[in-house]
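Structure first, then comments.
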């Protein structure tokens with residue numbers, strides 16, 4: 001009984017890691033743009049497709065396919081960032097919703113047109129199970145956990161010490177003041193956006209071997225799982241996102257075990273409703289930042 | 001002047017048409033005179049299930065061509081009309097009406113999707129046109145047919161209930177499983193298959209230890225598989241989606257369930273792609289299908305070969321069942337002694353049709369008694385374990 005609970009918590013942490021890497025990109029983009037990026041899951045999908053293409057068509061190894069997945073997403077994110085996201089600075093919230101929803105449809109359907117709507121099969125990755133602390137886990141999941149920790153340590157350091165990180169925080173606090181003191185706001189927006197999209201792609205590439213199926217619509221569910229996490233974590237809050245993702249991952253895992261798998265997605269949406277009712281500014285902030 | 005004329009013509013033709021429709025005997029006599037049999041096919045030609053529609057159409061076309069080339073049915077040629085249901089009940093109903101009212105077909109074959117077929121049933125019943133279903137598996141369709149209500153609906157396809165029964169019987173009797181876990185897709189298909197499994201499982205002393213349903217697009221099964229592992233279940237009853245099976249199979253390997261817990265049910269366990277994803281987890285898996293290209297009978301092999309040379313693509317289940325159903329109808333028309341709807345309907349109820357999977361007869365609910373083909377994955381390859389027929393226990397009227 002006790003070991004079952006521990007095992008389910010471990011499962012939840014692994015699931016939480018996947019969510020965390022995707023969600024942190026979305027929350028950072030929200031920070032600088034004040035816009036929910038509804039196309040965020042599509043970058044997760046693009047990364048996965050890039051890697052799948054590299055393995056299936058180019059015959060590359062899984063390690064090389066990670067690079068291909070990331071690079072192809074960065075290119076797309078650069079174009080989208082230049083053409084669309086930079087124009088969102090100072091635009092009303094509706095514009096952001098419409099633009100990112102539109103981009104989601106365009107990206108999704110382009111991929112379906114090019115590669116077809118059927119499910120693809122991702123081969124590659126470290127899928128052999130390893131035994132850790134008495135639990136059986138695929139090597140790939142341990143990789144995801146480690147990468148997640150590294151990503152968050154890296155991001156913490158970046159937003160605290162680097163010039164770009166400090167500019168991001170500045171832009172998320174006050175756009176007008178940034179312009180006054182000479183911070184290049186569109187550039188910060190573009191960089192944040194590319195970083196966020198690349199993190200989503202990284203999450204996609206890392207989970208592809210354990211999720212096996214690759215298809216055009218796979219990003220949608222990820223976008224909707226991410227929403228409650230970034231709200232729970234406090235919009236724009238990197239550290240908060242990490243803990244929120246872990247909480248959601250563990251809660252989902254326990255619900256799937258003790259209530260029923262069919263109620264799993266309910267957890268995220270119920271959390272979203274409760275958060276918006278009682279703490280719309282997140283679990284870890286005492287007041288609204290925006 | 002011209003305007004009034006055409007309106008009058010319209011009135012008269014409508015009057016004649018409605019007369020023809022309300023008196024079925026009259027219309028069939030009128031239509032039989034021109035020496036052709038008009039057959040309508042309703043299938044999803046566009047939309048997400050367009051692939052199934054295309055296969056259905058090709059299967060039916062091939063059968064019509066075979067029959068016509070061999071001189072027709074007692075000299076009568078078949079003319080095939082098709083209409084697009086788009087996989088939705090609303091479009092399916094208007095497609096059926098179009099076939100009956102405008103093309104004046106005597107027989108309708110359709111649809112693939114159960115919800116569309118359910119909506120088509122009253123339309124065909126009102127018009128007194130035979131609706132012969134070839135590919136919908138929801139048991140409700142024939143629960144409400146024959147003595148259950150709709151006299152003009154027949155189904156030449158095994159139901160989810162047949163499938164559930166056959167799988168439960170095989171798993172219990174041939175494999176000796178008594179402890180089961182349920183992991184099915186959260187849809188009408190997944191849930192109704194489990195409902196029927198529960199109806200028959202007590203007969204085989206089987207019990208269900210855990211029961212879970214997954215949403216379409218679910219990718220994380222670790223929690224539920226760990227629960228199944230700890231429950232001590234011997235087999236997982238799964239009526240799932242083809243694209244999710246590899247995910248579950250891989251996570252079974254991850255959690256050490258492979259080789260200990262067997263998958264039974266339906267969800268494309270037998271394709272090369274799925275088996276390759278996790279060979280150890282799928283070894284021994286049991287699946288029930290209405291038909292598959294590997295089915296070993298001369299007629300079935302000949303069909304696969306003919307279809308492949310004609311269309312440059314191997315047939316799927318939908319192509320086969322529509323091809324087979326056209327041949328079944330042709331035999332019924334032949335036995336009825338001509339193109340008379342009422343007589344054809346009576347002939348169908350009494351028919352003994354030899355299909356490539358076995359002899360087909362209809363029960364009093366107009367449901368064909370059809371075998372399900374059971375296959376088991378052995379050494380990474382599907383191996384056919386035989387065809388099993390199940391008699392449906394209908395609830396009391």
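Laid out as a table, the results:
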quantity	calculated
Stokes-Einstein translational diffusion, the range A:157-283 - Kirkwood Rh over all Cα pairs, 1.002 mPa s, 20 °C, in µm²/s	128
Angle in degrees between helix B:245-254 and the longest Cα principal axis of chain B, rounded to the nearest 10	0
Spacing of the two label points (7 Å from each Cα toward its C-beta) at residue A:5 and residue A:181, in nm	4.8
Calculated P(r) tail over 11 Å for the range A:37-81, as whole % of Cα pairs	61
Volume of the Cα convex hull of the range B:39-109, divided per residue and given in Å³	65
Rg(Cα)/(2.2 N^0.38 Å) for the range B:247-310, N = residue count	1.41
Using alpha carbons only: equivalent-ellipsoid semi-axes of the range A:165-228, gyration tensor based, whole Å	33, 12, 9
Diffusion coefficient, µm² s⁻¹, Stokes-Einstein with Kirkwood Rh over alpha-carbon pairs of the range A:83-159 at 10 °C and 1.306 mPa s	94
Relative contact order (%) - criterion: Cα under 8 Å, at least six apart; region: chain A	36
Label-point separation in nm, residue B:271 to residue A:158, each point 7 Å along Cα→Cβ	3.8
Average beta-carbon neighbours from other chains, 10 Å sphere, peptide B:226-232	4
Shielding by partners, peptide B:243-256 (average Cβ within 10 angstrom, other chains)	5
Kirkwood Rh (inverse of mean 1/r, distinct Cα pairs), the range A:105-212, angstrom	17.1
The range B:253-397: radius of gyration and largest Cα-Cα distance (Dmax), Å	18.7, 62
GNM result for chain A, Cα springs below 10 Å: residue of A:144, A:183, A:222 fluctuating most strongly	A:183
Amide N of the range A:1-43 lying under 20 Å from the label point, which is placed 7 angstrom from the Cα of residue A:149 along Cα→Cβ	A:6-24
Distribution of pairwise C-alpha distances over the range B:153-271, 5 Å bins, in %	2, 12, 24, 25, 21, 11, 4, 1, 1, 0
Ranked by how many other beta carbons lie within 10 Å on average, peptides A:150-158, A:52-60 from highest	A:52-60, A:150-158
Sorted peptide list for B:301-312, B:284-295, B:158-169, B:366-377, criterion being average Cβ within 10 angstrom, highest first	B:158-169, B:366-377, B:284-295, B:301-312
Rg followed by Dmax, in Å, when the range A:1-149 is reduced to its Cα trace	18.1, 54
Chain B: angle of helix B:89-101 to the longest principal axis, Cα-based, in degrees nearest 10	30
The range B:281-331 and the range A:211-248: distance between their alpha carbon centers, rounded to Å	44
Cα-only radius of gyration and Dmax that characterise the range B:134-187, units Å	14.6, 42
Antiparallel bridge percentage (DSSP; both residues within the protein assembly as shown; nearest 5)	40
Averaged over A:218-230, number of beta-carbon atoms from partner chains that fall within 10 Å	1
At q = 0.12, 0.13, 0.15 Å⁻¹, base-10 log of I(q)/I(0) for chain A (Debye sum, equal scatterers on each alpha carbon)	-0.75, -0.89, -1.18
Tilt relative to chain B, helix B:222-231 - C-alpha long axis, 0 to 90 degrees, to 10	70
Per-peptide average of other Cβ atoms within 10 Å, ordering B:350-361, B:329-340 highest first	B:329-340, B:350-361
Sequence-separation-based contact order of the range B:51-201, relative, with Cα cut under 8 Å and 6+ spacing, percent	14
Candidates B:349, B:94, B:223, ranked by Gaussian network fluctuation over chain B, Cα under 10 Å, top entry	B:223
Rg/Rh (Cα only; Kirkwood hydrodynamic radius) as it applies to the range A:235-290	1.03
Solution diffusion estimate, µm²/s, Stokes-Einstein, chain B, Kirkwood Rh from C-alpha pairs, 10 °C, viscosity 1.306 mPa s	71
Cα-based Rg of the protein assembly as shown normalised by 2.2 N^0.38 Å, two decimals	1.12
Among A:208, A:170, A:23: highest mean-square fluctuation, GNM of chain A, C-alpha pairs under 10 Å	A:170
The range A:60-108 - Kirkwood radius from inverse mean 1/r over Cα pairs (Å)	12.3
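Every number in this text was worked out from the coordinates using simple rules, so none of it is lab data. These numbers come from a predicted model, not from an experiment. Glycine gets a Cβ as well: all are built from the backbone with ideal geometry, and neighbour counts include every protein chain shown.
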